[in-house]
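Below is one structure, written out as structure tokens; comments come after it.
The values are calculated or read from the model by the stated rules, or taken from the named source; none is laboratory data. All values derive from a computational prediction rather than experimental measurement. Quick reminder, even Gly has a Cβ in these numbers, built from the backbone with ideal geometry, and neighbours come from all protein chains shown.
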Amino acid sequence: MYTRIALSIAALAVPAMLLGPPAQADPRPSTPGSTVTLPLAGIEQEPDATAPRTGRTEVLTTERRTPAYSLLGVTWAGPGTGERVVVHVRTRTGGVWSPWRELHASHAGGDGGTGGEDVDGTGAGGRSGTEPFWAGPSDGIQIRVGVLEGVSPKDLRAELVDPGESILDRMPPLPGLPKRTDGRAVKGHAIEPAIVARKDWGADESLRDAKFKYTNTVRAAFVHHTADGNDFPCSDSAKVLRSIYRYHVKTNGWADVGYNFLVDKCGTIFEGRAGGTDKPVLGAHTLGFNTDSMGVAAMGTYTKAQPPGPMLISLSRLLAWKLGLDDRDAKGKVTLTSSDSGSRYPKGTTHSFDVISGHRDAFNTECPGQALYDELGAIRRDVALRLG
């Protein structure tokens, strides 16, 4: 079962001292696709000693019981061009509240839903928001929103996602470094690594756009991190991916999961966007530069945490295979044209990228995290060696 719950946070100017006891939501699971609206009890007027400072504090919700969920994000109305919003959440599992966690703002580029071109959108209904965050099985939530710059966001909502089930959830973690003996490396090409297909990680194909979208070729690869925490075991990677998929489609309004591939910390490679792993599938991963590129996401947050060795090796194997299909130089440069002025470069202008680049090279974001970004030079060298 997939469950999506929207918590509407209506800004009511009520002093914190007047807040009553936390409102109780129905803890039973909702039907697939249903929403539950929980209005905010009031706006915090005094600093909260237990919560992180976030500039001008706008909203501190009460502690809420919720239906069961595992992944969450916060969205608000508008394209998000003027405000700088900082969002912290804490979640409850088994009656115990987690520490406060910051949710990262989303800077990935959408693809216009059913459109065929490289269109970068702000999400369903013109909404902005955060990246999805994997909290693990939870039954409660508290949200704090601060504004560092610009106007206060309107119509805040928390999107809570239940991952559903797949046969993969009941299997031991997949081997991260599969040994392939069914092919022979050829100069300029590399053997295809083991990739977990969509049907095997439990993708609900009824969610996505039925039409596949293709670009002309793969000239560049953008490396991301999912920024959803590092606490989940590899046995939960398929659950995390199913939740990200649903968030990208139902919350962001995209045609499918944004990334072409994802790699977990054990080195397992997952097929992302549908359309064929060996084909130039148009993704929704890098605002303004989805055309003629691919996006691969390291599952987790690598701002400070070092990406594990199996993950780095699988990233190299995957990139060598995909770039080799189109005879790309892993240590070379490529010139791409921006399709959206929301990127680092105005629409219609060109920029020279490394063939293997980080998301931050195309957008003002910390993605893929400094620790992973620092590894890109080594990845380029390793991919070049694998391509002969």
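Residues that are in contact with a helix residue (DSSP H, G or I) (Cβ under 9 Å, 6 or more places away or on another chain), of a type outside the set (D, E, K, R) and in a strand (DSSP E or B) within the range 258-305 comprise Phe261, Leu262, Val263, Ile269, Phe270, Met294, Gly295, Val296, Ala297, Ala298, listed in sequence order.
Picking from Ala255, Ala221, which residue would you name as being outside the structural domain of Ala68 (by TED's automatic domain parsing), part of a strand (DSSP E or B) and either touching a residue at least 12 places away in the same chain (Cβ under 8 Å) or hydrophobic (A, V, I, L, M, F, W, C) (or both)? Steps first, please.
Details: Ala255 fails: part of a strand (DSSP E or B).
On inspection, the qualifying residue turns out to be Ala221.
Looking across the range 337-388 at every residue that is buried (at least 21 other Cβ atoms within 10 Å of the Cβ) and over 24 Å from the mean Cα position of the chain (by Cα), the one that is modelled with the lowest pLDDT is identified as Leu387.
Would you check which residues across the range 322-370 are among the hydrophobic types (A, V, I, L, M, F, W, C) and part of a loop (DSSP other than H, G, I, E, B) and list them? Please lay out each step first, then the result.
Going through the range 322-370, the residues among the hydrophobic types (A, V, I, L, M, F, W, C) turn out to be 323, 325, 330, 334, 336, 353, 355-356, 362-363, 367.
Across the range 322-370, the qualifying residues are Ala330, Val355, Ala362, Phe363, Cys367.
Within the set Arg64, Arg90, Arg53, the sole residue that is surrounded by fewer than 20 Cβ atoms within 10 Å (Cβ to Cβ), farther than 24 Å from Trp254 by Cβ and at pLDDT 85 or above turns out to be Arg90. How about the range 214-260: which of its residues are surrounded by fewer than 24 Cβ atoms within 10 Å (Cβ to Cβ) and within 23 Å of Gln370 (Cα to Cα)? Result: Gly229, Asn230, Asp231, Phe232, Pro233, Cys234.
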